[in-house]
Amino acid sequence: MRISRPETLAEAEALIAGGGVPVAGGSGFQLEFSQGAVAPAHYVRIGHLLPMGIYREIDGLCIGAGTPLEEIRQAGLPLLSEACRDVAAPNIRRLATLGGNLAWGKGCLIPALIALDATVETREGEVNILDYLAEPKGIVLYLTLRPLARQTWRKIGLRQAFTASIIASAGAMTLERGKITAVRLAVGGGATPPQRLQTVEDWLIGQTPEAVDRDILRERLEQAISAPDCAFRSARYRKRVAAAALSAGLFGLPERHAIRPVSRPKATIPPELTELSRADGGARWHTRPDMPAKIRGELTYLTDRRSPDMLVGRILRAGRPHARILSIDTAKAEALDGVAAVVTHRDIKGLNGFGILFQDQPALCADKVRYTGDPVAAVAAVDAETAARALALIEVIYEDLPVVTSVEAALAEESPAVHERGNLVTEVIHDKGDLAAGWAEAVHVVEDTYVTPRQMHGFMETEGGWAAPEGEGLVVCVGGQHGARDRMQLSRILALPEDKLRVITSPTGGAFGGKDELTVQPALALLAQKSGRPVRLHLSRAESVEAGIKRNPMWLRMKTGCDARGRIVAQEVEVLSDSGAYASLSPGVLETAMEHVVGPYEVGNFHARGRLAYTNNGIGGAFRGFGANQMTFAIECQIDRLAEKVGLDPIAMRRLNLRRPGSPGVLGQKVAPSERLIEMLDAAGASPLWRGGETGPKEFGPKEFGAEEMRSEEIGPEEIAGVGMALNYQGNGLGTIPEDEADFALALKGGKIEARCGLDEIGQGMVASLHAAISTRLGCGRDDVSAIFGDTKRAPDSGSTTASRGGYVVWRGVEETAPGFTAALLERASELLHRPIEELAIVPGGIGEARLNQPKPVLSFAELGEIAPVQAHYAFPKSDYFKGNARFIFAFGATLARVAVNRITGALRILDLEMHTAAGPVIDMASYLGQMEGGLVQGVGFTLTEDMPMVKGRPVAKNFDTYMMPGVRDVPGTMRVTAHEGLDPGDPFGPRGAGELGIGAVTPAIANAVADAIGRWPVVTPFPPEMILDLMEAAR
Amino acid sequence: MIRFTLNGQPAEIAPDAMLLATLRENIGATGTKAGCEIGRCGACTVLCDGAPMNACLLMGWQIEGSEITTIEGIGTLAAGAVLIRAMEIENGFQCGYCAPGVMMSLTGLLSRDPAPSDAGLEEALEGNICRCTGYHSILRGARLARKMLKDETT
Ligand code: FES
Ligand code: FES
């Protein structure tokens, strides 16, 4: 690429006329390239030639085109400063210039500039902004703005801040002697073309603001605005919200309609709760052992590994949703200088298939591709550019096949088959009681279809790592969730014995279920094997978005009936789930959803059927919550809706229907003791959030150091708030059918107590939990522990880091090994010190006096020498039901949300979240709190902003510009998390799983809060704001 | 080649090369992370002459003569050193992959304004995506750093 830096504007213009592309801040190009724009051959730098600064002049405000948006944002200018705030995050605002935003033509500042009647000055002279937009000519030098007395601005996007624009509206108005004498109205931004709404302006001129009929105004605005549909929002929504925003901004808000809020009779008495925060935790709060390195950027992730002889790998993806492969020709790629290896299915010596449940997914496709991200070939080259060029030289000839775009279509008789065995992957049916008799008793019935999104895991570290020859085999290092199983799957593909393979899976920059299945390991291993050299491969975000596993979208049709008192007497459930192109763990997800089909309630009669189908819509599989959170959404909304019909408050309704502790589980299976549903209901009923209603409690949230104040979030005049609650009920472990076992060992080496545990550190705090559990059990310090994990060579197989099983695996491992290990330590110490064992004890740092209160070590761990591993093998506790997969251990909780619904935009703001949890003793407070908070906010994303719409088998969102995970502005103002830690006397099962509780019931809590605010329940997630507006209208 | 300063040391970059790729691929300074490469996640945040910027949006020609500070150099900045202590105490992160970017965004802010409002702290993080924490632990760490900076000066 040529980059010139002209000395004068004239020179710049000549270069631009010769085909150069002008660039000032350069903040927008990477996004454009990611959307398919080709990088220009010649950049002409103009930033240094542009005037900068803001000048107040007689005829308006004059701004140099080179002024960074951040400077304008801070300058307190009418309309434009606010608009600059909404353009992008501060980092980008520092780079981007006013002239650049205008010249780009799609910038969301443009409506603001139109409403400010900007004059654009170029070297050719001055023109009005509308004329400039119609025919952009010349380098923009200055903009002169003419504000009016009253201004309004609003950008509507896909989340609260730093979002692509759906539509932005700007208005300005001046009154003289009570009459409108000047008014400017404009919309634009994103896909909406910039436009000034002249006809409406003409209609307004001369009217008094009080006399303006708002309904007619909005109608006229909607007619005047031209706006498109897109995959995210409809044209109707765009017009409607822009009109409402302009009307409200210039003429005031519409009236509020009163809604009958949910009744909250008397406060319950809460159980004993531990507040989870540093202030409340005191001595229980520790810095996690992995924290210092992470904070300093010193932790080497597996994708950070570099070495001089390391090659760079890339994968060739199908790029089409469904096609037969006719031929793959790699000759040209292989001939390219710098290419060390090209691999295709022809290089696979073993089974060309993988999958945790069944091996229907090719490592590299041979005869057919089933989704756009399907891998067809891979290359390893000396650098990334060469690898990219080699990919482009691989010639694959396809014959496209009809695309299966939905579950309904997939299950239709005439559907093309994604796999030869047919499109139905699994069907799960559960029945209980006599449904007809149940319906006969039903007085109130609620029926609806709940829809849940294709959520993306969005781990910040995308799939990747490195692999290299090691001895006669290979070492494969890729972020994962079960190294031993990855090794088994790789061994099958490579036809290499497992003992020739070493798999390292930690540390990982987030997983959430999305790295449970193999990701890039097969391609990486094949490349390292063929090239005989170390190879690294790290997916770009765009590739990860296209190729990675997602949450299975589900459609849950649910019909629930209760008698006059509120007892649920019948329920029918029909679930459809989209597996995408392969099965992975999707059958398990469906099973888990079906296992939670009546939630924690006693329902005598039900029929439930779930079906999972192959489609060409990407690939689905494990994601935190694993089907349970989807089903909980449906159940917990049904309960509230029935409660409203019966006239019971939500807590009383739940109490009436709650399962009895000790009764069989949903499938009739035996379940573990220490059920805590009643306690969680009491915690919710006593909660200040629940009792505070719309305005919220005055004081809310944990005590905190350094906070400005502690209060629940306030609502604005255009918002209506409501409070909702839902119960969490989450099965832990893999269930009765799959093998669910663990190995664990404690050893003494190099002065440290080595905890050898094959689980992975994916951010959840597994390592912190190991340190905590060992220190608590043995009496040593937390820093006396060293964790050996996530490496099949150094750590034993402890099973998968999934299904909320990690806490139990850690705790039980320590319980099993502690007695033997303690005895060995004390025996050794007794020999060395010539003292009886009874006088000695493990203390922080080594061995100390048993009788002293604050024991100091008399012998350090280093002085004890080495102690051979004390090992344990154990199973995750299982139930007695084997006809289907059933859980034995459950964790419990209650989630409460206070939510504000925006009357203009239909968008939701989560004001406060509160979560009470009952998952047994908390091993490490900071990690546990982190799991809850992080899970809650991931659930907020699921509920409000995250989805991956597919059009004809292709994902619409390609990167984080349109896939909207919650940003810092989207999270609740306050979050409070508590733990009810006690177990029943004699309960032998220790801590319950914490990983999936956070996300488990936040969606129905929010939905129920919306209903409290507006009187109707949204059933499609992420809640479309348009649907919220419709519901609000319908409720009137 | 374009010259710039990387954590106090002289460094070079091609005019049309992306700073992020140069750091991670050529120089091997992998502390700075890649999360999206289009300016939408903040994982790559570095300080450019003290101001937080996205290394994936900076090309060589944009940083001629600039002083670039990455997470590897955070400890040399007074506000950065305090922020490190505060984040450790509050356990700001989980997987830690967003941490280098978040730390640089906050260090840039606190170096310029040691006593930002809560809203100011949030605004500084608008461009940083964290998938693990839900942001509250990060904000607690940032608020603690603000308090520690205040306590230091009073
Ligand atoms: S990698 Fe630069 S912002 Fe995401
Ligand atoms: S801690 Fe994992 S992304 Fe922030």
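The values are calculated or read from the model by the stated rules, or taken from the named source; none is laboratory data. Keep in mind the model is a prediction, meaning the values are calculated, not measured. Heads up, the Cβs are rebuilt from the backbone with ideal geometry, glycines too, and the neighbour counts pull from every protein chain shown. When the accessible area is computed, the model is the full protein with side chains, heavy atoms only, and any ligands, DNA or RNA have been set aside. Shrake-Rupley method; radii C 1.70, N 1.55, O 1.52, S 1.80 Å.
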Ordering A:His482, A:His257 by accessible area with a probe of 1.4 Å, largest first, what comes out? A:His257, A:His482
Rounded to the nearest Å, the spacing of the alpha-carbon centers of region B:1-30 and region A:569-628 is 49
Show B:Met148, A:Met173, A:Met52 ordered by accessible area, largest first, where the area counts protein heavy atoms only and the probe is 1.4 Å. A:Met52, B:Met148, A:Met173
Can you tell me which lysines have their Cα less than 18 Å from the Cα of B:Lys33? Leave out same-chain residues fewer than eight positions away. A:Lys294
How far is helix B:136-153 tilted off the main Cα axis of chain B, in degrees rounded to 10, range 0 to 90? 80
Would you work out the charge dipole size for region B:2-73 about its Cα centre, treating the Cβ of every Lys and Arg as +1 and the Cβ of every Asp and Glu as -1, and quote it to the nearest 20 debye? 200
A:Gly18: net charge of surrounding residues, Cβ under 14 Å, Lys/Arg +1, Asp/Glu -1, itself excluded? -1
Residue pairs, from the table A:Lys698/B:Lys150; A:Lys703/B:Lys147; A:Lys106/A:Lys137; A:Lys559/A:Lys645; A:Lys550/A:Lys958; A:Lys515/A:Lys550, whose Cα atoms sit over 18 Å apart: A:Lys698/B:Lys150
Less than 24 Å apart at the alpha-carbon level, and either on another chain or at least 8 residues along: which lysines does that give for A:Lys670? A:Lys432, A:Lys878, A:Lys883
Mean Cα-pair separation over length for region B:54-108, i.e. relative contact order, pairs under 8 Å, 6 or more apart, %: 41
Dipole magnitude of the protein assembly as shown about its Cα centre (Cβ charges: Lys, Arg +1; Asp, Glu -1), debye to nearest 20: 680
Residue with peak Gaussian network fluctuation, chain B [Cα springs, cutoff 10 Å], from B:Cys95, B:Cys130, B:Cys56: B:Cys95
Given an 8 Å cut-off on Cα distances and at least 6 residues of separation, report the relative contact order of region A:275-410 as a percent. 34
Protection proxy (average C-beta count within 10 Å per residue), highest first, orders A:119-129, A:778-788 as A:778-788, A:119-129
Where A:Glu399, A:Glu838, A:Glu1026, A:Glu933 fall by accessible area, highest first, once all protein chains stay in place (1.4 Å): A:Glu838, A:Glu399, A:Glu1026, A:Glu933
Relative to the Cα centre, what is the charge dipole magnitude of region A:557-641, using +1 at the beta carbon of each Lys and Arg, -1 at the beta carbon of each Asp and Glu, and rounding to the nearest 20 debye? 120
Angle check, please: helix B:99-112 long axis (alpha carbons) against the longest principal axis of chain B (alpha carbons), in degrees 0 to 90, nearest 10. 70
How much net charge surrounds A:Thr592 when only the other residues with a Cβ under 14 Å from the Cβ of A:Thr592 are counted, with Lys and Arg +1 and Asp and Glu -1? -1
Once you keep just the Cα pairs under 8 angstrom separated by 6 or more residues, what percentage relative contact order results for chain A? 12
Excluding ligands and nucleic acids, what accessible area in Å² is computed for A:Lys137 using a 1.4 Å probe, to the nearest 10? 110
Other chains' Cβ within 10 Å of A:960-972 residues: what's the mean? 6
Note to self: C-alpha centroids of region A:962-986 and region A:270-312 sit apart, in Å, by 18
Of B:Val46, B:Val82, B:Val102, the most mobile residue in a GNM of chain B (C-alpha springs, cutoff 10 Å) is B:Val82
Given the whole protein assembly as supplied and a 1.4 Å probe, what does the accessible area of A:His873 come to in Å², nearest 10? 110
Cut-off under 20 Å on the C-alpha distance; same-chain residues fewer than 8 positions from A:Lys500 excluded. Which lysines are left, in chain and number order? A:Lys349, A:Lys530, A:Lys793
